[in-house]
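The values are calculated or read from the model by the stated rules, or taken from the named source; none is laboratory data. Keep in mind the model is a prediction, meaning the values are calculated, not measured. Here the Cβ positions follow ideal geometry from the backbone for every residue, glycine too, while neighbour counts run over all protein chains shown.
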Amino acid sequence: MKKYDLLITGGTVVTPSGPIAVDVAVTDGRIAALGNVGADAAEVFDARGLHVLPGAIDTQVHFREPGHESKEDLATGSTAAALGGITAVFEMPNTSPSTLTTADLDNKLALARGRMWVDHAFFVGAAAANLDELAVLERRPGCSGVKCFMGSSTGNLLVADDATLLQVLAAGTRRVAVHAEDEARLQARRNIVEDGAAAGPALHPEWRDVETATLATTRVLRLARQVGRRVHVLHVSTGDEIPLLAANKDLATVEVTPQHLTLSAPECYERLGALAQMNPPIRSADHREALWRAVADGVVDVIGSDHAPHLRAEKAKPYPASPSGMPGVQTLLPLMLDHLAAGRLSLERLVDLTSAGPARVYGIAGKGRIAVGYDADFSIIDLAARREIKQDWLASKCGWSPFEGMTVTGWPKATVIRGHVVMREDELLGEPAGRPVRFQETLPRDGAIPRNAGNDP
C-alpha cells in the first residue's frame, strides 16, 4: 500500500515561510508532509521548473445559475475557474430567483453537486424581505456570508437607504460583502446617459462617477462603525476611497479586480466599447495607479475577478441598455502573474491576495496556505511561460474576454483540489468533484469538527 495518495516533487513551493524547494505529500485530501519526503505515492506530479502556490480562491463570481444559464452556469463557470488555476469560488446572489432564503441556498448547493469542478460557497443577498433571517442564513453550511448591493447593478437586489443598511449590518456577525455605489447619486445622474447612445460606454465612468463610490463607501463605513460590524468592500475602483478604507482597517477589508488594475479609461472604451463596461466602472490611469499603491501599501486584502459574463449580443445593445459586467475568473491568475513578471508585486504578495487573504477575510477553514493539515489545494504555475489569451482557451459560455489577444508572462499549468489533479496543461481530468467550502465561523459552538464536516457532497 502506498504511503501517500499524491506526491508533488521538484517544484518551488510557496509556504508561509516563503518559497522553498520541498516535496509536498498528500493523504486523504490534506497536506500530510513537507520536505524531502522520499516515499512512495499512488500518484507523483513532477513539478520541476514550476512554482506550487496555495490554491487561488476567487471570492467574487457570478455564474448566473439559476435563471440566466444562457450566459453561464455552474458547470461552465467552474470549468473556466479550474482552467485558470482557481481552486475555489464564492458565487454571488443576484441570480433569478435571487439567493434570499434557506431554500434558495440549498437549491444552489444541490445544483452544484456533481457539476462544479472547484470547491464553492454561495452568498445570500441582503434585502428588506429577509432581514430577520440573515443571522441564521449566514451560518448555513456552504454560505460564504451576506452580500449587500448599495447601488443598482445586474439583478434586483438593492439596499439603498441607511435605515435598511443599518439593519443588515446589525443582523449577524460574519463579514458583510458590499457593492458600494450610492443609489441616490446614480439616479440623480441618470440623465447623463439617457441619450448616451452616441457617446457610448465612455460615459459610464462619468455617470457612475468617483463621488458615487466615495459617498457609498463613507456611508457603509460610518454605519459599520456604529454597530461594530466588519465589512468587505468589493471591487474598489477609485484612489479617493483608499484613505477612507485605510483609516478603518479594524472593520473594513478591501477587494480590487484585475480589470481595475489592468485597464484604464478612455483607452479601454475606445478599443472595447461595451465589453469594458462594468460596475463600478474602469476609470482613468491615475485611479489605476492609486490602486496599485494600495496593493503595495497592504491596504488591499483580496483580488477578486467579479466574473460577470454577458453574451456579445447583449453587449452590442446601444449604451446604456448594454449590461455591465465582464468574464474574469479564468484570466485572474494569468493577468496577475503578468503583473508579477512586470515587477508590480512580489510572489508572496500575489499569494496573499489570492489565497491567504481570502481565507483570512472570510474565515475559510483549512485553505489558503501550504501547511501540514490544510486542504491539498494548489495552483501550479510556470512563471516563465509566455502565452496569448485566445478565444479557444476560454470556457465561459459568453465566449469572449476583454483580454483576448493579450500576451502574458506566467501561466497556470495545473489545478489541484484536495489532492486531485483536476486540470493539467489546459485539460480537465476526471469528473467534477467540487465540494462546499468550510468556514471557521460556522463550526459547532464547541469547535469540534465532525468527520468530513462540510466536505461530503
Take residue 129 and tell me if it is within 22 Å of residue 229 (Cα to Cα) and in a helix (DSSP H, G or I). yes
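Taking the stated definitions as given, is residue 251 within 28 Å of residue 56 (Cα to Cα), out of contact with any strand residue (DSSP E or B) (no Cβ under 6 Å at 6 or more places or on another chain) and of a type outside the set (D, E, K, R)?
Numbers: within 28 Å of residue 56 (Cα to Cα): yes; out of contact with any strand residue (DSSP E or B) (no Cβ under 6 Å at 6 or more places or on another chain): yes; of a type outside the set (D, E, K, R): yes.
For residue 251, the condition - within 28 Å of residue 56 (Cα to Cα), out of contact with any strand residue (DSSP E or B) (no Cβ under 6 Å at 6 or more places or on another chain) and of a type outside the set (D, E, K, R) - is met.
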Here is a list of conditions, (1) surrounded by 24 or more Cβ atoms within 10 Å (Cβ to Cβ); (2) part of a loop (DSSP other than H, G, I, E, B), and residue 381 meets all of them except one; can you say which number that is? (2)
From the set of residues in the range 291-305 that are in contact (Cβ under 8 Å) with a residue 60 or more places away in the chain and in a loop (DSSP other than H, G, I, E, B), which is surrounded by the fewest Cβ atoms within 10 Å (Cβ to Cβ)? 301
Mind checking which residues of the range 117-134 are within 24 Å of residue 216 (Cβ to Cβ), free of Cβ contacts under 8 Å to residues at least 40 places away in the same chain and out of contact with any Lys or Arg (no Cβ under 9 Å at 6 or more places or on another chain)? 127, 128, 129, 130, 134
Among the residues of the range 2-17, which ones are modelled with pLDDT under 95 and either small (Gly, Ala, Ser) or assigned to a strand (DSSP E or B) (or both)? 17
Kindly indicate which of 70, 78 is surrounded by fewer than 24 Cβ atoms within 10 Å (Cβ to Cβ) and either in the same structural domain as residue 416 (by TED's automatic domain parsing) or modelled with pLDDT of 95 or more (or both). 70
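Consider residue 344 carefully, then state whether it is of a type in the set (Lys, Arg), assigned to a loop (DSSP other than H, G, I, E, B) and not assigned by TED's automatic domain parsing to the domain that holds residue 45. Steps first, please.
Values: of a type in the set (Lys, Arg): yes; assigned to a loop (DSSP other than H, G, I, E, B): yes; not assigned by TED's automatic domain parsing to the domain that holds residue 45: yes.
In short, yes.
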